[in-house]
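Every number in this text was worked out from the coordinates using simple rules, so none of it is lab data. Quick caveat, the model's predicted, so the values are computed rather than measured. Glycine also receives a Cβ, built like all others from the backbone with ideal geometry; neighbour counts cover every protein chain displayed.
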Amino acid sequence: MNDYPELKLYIGGEWRKTAETLPVVNPATEDEIGRLPHAEISDLDDALSAAVQGFRIWRAAAPRDRANVMLKAAAILRERQEEIARSITAEHGKPLSQARLEVIRGCEFIEWDAGEAVRTYGRVIPSAPGVRYVVHHQPIGVVLGLSPWNFPMSQPCRKVAGAVATGCSIILKAAEETPAGALHIARAFHDAGLPPGVLNLVFGTPAVISDHLIRQDPVRLVAFTGSTAVGRHLTTLASENMTRVLMELGGHAPVIVCEDTDVERAAISSAARKYRNAGQVCTSPTRFFVHESIFDEYTDKFVRRAAATVVGNGLEDKVEMGPLANERRLPALSNLVEDARSKGAEVRIGGSRIGNKGYFFEPTVLVNVPDHAKVMQEEPFGPLAVINPVASLDEAIEKANSVPFGLAAYGFSNRADYIDRMTDEIEAGNVSFNTLEASLPETPFGGVKSSGYGREGGIEGLENYMVIKNISHSMQ
Ligand code: NAD
């Protein structure tokens, strides 16, 4: 496959092959498109030594110099947009147009953090004559970045950008199913002149890598995006060394649709958004609570838009939704649908795998789903929407908050009193009204409750990567 790069580890500024490799599969065709090098413990130890050395060099670099390397790397990635997008579509399945946008979003994350690199201000605290207190922000040290497969390029960009901007070094373990995005990032930073050891890239068995590296003393931050179950496990491991964690975990986003809403606009925009990235987005709108007076009209319009979704190989023109990124998501989704159906839900559209080649799943809408169905608590992380009627805003808010997650939430209304109530009462890190856009590089993104803690992006994003040191200084 021409578009797919040769996969290697990147340790101490050098590319490395390994004896053991695993296949990387195109989820639209099930063809093998590459071989993933599998790090051994000795590779991990080398990455750690390189990161320790890289940290020594990079923490001493001027913030402006760090920013310049980052901006150069982002410019290189922008030049390589088409090549990178094609490799993302090949390994992940998403439509090429969405992969192209993802490359640009990844660059924007790097560019935002490059701008923030020169603004990690401390402060002077007034005191007695001859005494000064000065607060410094200093890089935390070696970061272990663990990025997921749903956004192979933009997710690792967040972690690399945070570390590089603040003068940390990072060992990035990118997702085994979708390694090319991270490989392209490492190539771009290498070509931009990042010193050896500041960024190191490994792949392998996730549990072996995290188990070996998290408890190593030089690792001072574990930055993870993925499921709540894995995040909880990694947090427990990190706690042995009191290592800081940044956890961007699962969501199960509610959408509250009030009776004063423009039904057509809300239904069409929500259905289009639901099936983006085949629903494999932690902020994907999933539990729709629609006022009973507009429920039928809303559901009909949503289902019609869902039915019109063009599903296929992401390399083909006009395809809006590709396959699921990996095979194990097929039974996960089928089980949620069957469980809901057996408990009385109506499957208005979809609910099944498409064909038997490629991991395609139908755009799915379940309605009137009882609260005790698994899908009301478990994040489907796929092209599945639940639409239920509610009698009041009180009921909608109560249902919205009835899951352990609190990442993204959405509301549709033009009434100021409704928007005020949802702003105050919805338990989520990101709440959007009359739009399905949840974040930008310049806004802080993260969750509450079991969706994790810490924020990526915004002026808050770099805080995770720094420690605060207070200096008291008395004039002799
Ligand atoms: P999973 O729980 O098996 O894995 C989730 C991620 O964690 C993967 O990237 C995996 O490589 C990594 N991982 C697993 N065990 C690990 C370990 N011991 N150490 C380090 N990393 C480890 O789930 P899955 O089947 O890959 O994905 C489905 C679920 O993951 C979804 O339900 C969703 O909640 C979650 N997810 C969330 C995001 C997000 O953006 N928050 C992204 C991808 C997956």
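Once fully extended, how much extra length lies between Thr423 and Thr205, figured as 0.36 nm per residue of separation less the alpha-carbon to alpha-carbon distance? Don't jump to the answer; show the numbers that get you there.
Numbers: separation 218, 0.36 × 218 = 78.48 nm, distance 4.13 nm.
Full extension of this stretch gives 74.3 nm more.
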Efficiency of FRET from Cβ geometry, Glu316 and His136, R₀ 56 Å, rounded to 0.05: 0.55
Estimated inter-spin distance, Glu79 and Asp260, nm [label 7 Å along Cα→Cβ]: 5.3 nm
Give a residue-ordered list of calculated ³J(HN,Hα) values for segment 434-444 (Karplus: 6.51 cos²θ - 1.76 cosθ + 1.60, θ = phi - 60°; whole Hz; x for Gly, Pro). 6, 8, 9, 7, 9, 7, 10, x, 8, 10, x
By the C-alpha gyration tensor axes a ≥ b ≥ c (rounded if a/c is under 1.5, else prolate when a/b exceeds b/c, else oblate), the shape of segment 83-158 is prolate
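Mind ranking 454-464, 210-220 by how tightly packed they are, going by the mean number of other C-beta atoms within 10 angstrom, highest first? Spell out each step's value before the answer.
Values: 454-464: 21.1, 210-220: 17.6.
So the order, starting with the most tightly packed, is 454-464, 210-220.
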Charges at C-beta only: +1 for Lys and Arg, -1 for Asp and Glu. How large is the resulting dipole of segment 263-391 about its Cα centre, in Debye rounded to 20? 260 debye
Relative contact order (%) - segment 253-433, alpha-carbon pairs under 8 angstrom, separation at least six: 29 percent
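Could you give the length gained on full extension between Ser352 and Glu292, defined as 0.36 nm per residue of separation minus the Cα-Cα distance, in nm?
Details: separation 60, 0.36 × 60 = 21.60 nm, distance 2.79 nm.
Working it through step by step, the gained length comes to 18.8 nm.
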Sum up the charges of everything whose Cβ sits under 12 Å from the Cβ of Met376, counting Lys and Arg as +1 and Asp and Glu as -1, but leave Met376 out. 0
At R0 = 45 Å, how high is the FRET efficiency between Met475 and Asn241 if r is their beta carbon distance? Nearest 0.05 is fine. 0.70
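Where a ≥ b ≥ c are the square roots of the eigenvalues of the C-alpha gyration tensor, would you call the chain rounded, which needs a/c under 1.5, or, failing that, prolate if a/b is larger than b/c, or oblate? Mind dumping the intermediate values first?
Details: a/c = 2.04, a/b = 1.35, b/c = 1.51.
Oblate shape, in that a/c is at least 1.5 and b/c is the bigger or equal ratio.
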Would you kindly derive the ³J(HN,Hα) couplings of segment 125-131 from the backbone phi angles with the Karplus curve 6.51 cos²θ - 1.76 cosθ + 1.60 (θ = phi - 60°), listing them in order in whole Hz, with x for Gly and Pro? 9, x, 8, 5, x, x, 10
Classify segment 253-433 as rounded, prolate or oblate from the Cα gyration tensor: take a ≥ b ≥ c as the square roots of its eigenvalues, call it rounded if a/c is under 1.5, otherwise prolate when a/b beats b/c and oblate if not. prolate
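Provide the percentage of antiparallel DSSP beta bridges, counting only those with both residues in segment 253-433; round to the nearest 5. If you can, show how the numbers build up before the last one.
On the way: 4 of 26 bridges.
In segment 253-433, DSSP labels about 15 percent of beta bridges as antiparallel.
Over the chain, what is the relative contact order in whole percent, taking alpha-carbon pairs under 8 Å and six or more residues apart?
18 percent
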Rounded to the nearest 5, what % of the DSSP beta bridges within the chain are antiparallel ones? 40 percent
Let me check I've understood the local charge: for Gly429, count other residues with C-beta under 13 angstrom from its C-beta, Lys and Arg +1, Asp and Glu -1. What total comes out? -2
Let me have the relative contact order for segment 116-191, percent, based on Cα pairs under 8 Å that are six or more residues apart. 28 percent
Which order do the peptides 257-269, 233-245 come out in when sorted by mean C-beta neighbours inside 10 angstrom, highest first? 257-269, 233-245
Using a Förster distance of 22 angstrom, determine the FRET efficiency expected from the C-beta separation of Asn368 and Ala307, and round it to 0.05. 0.70
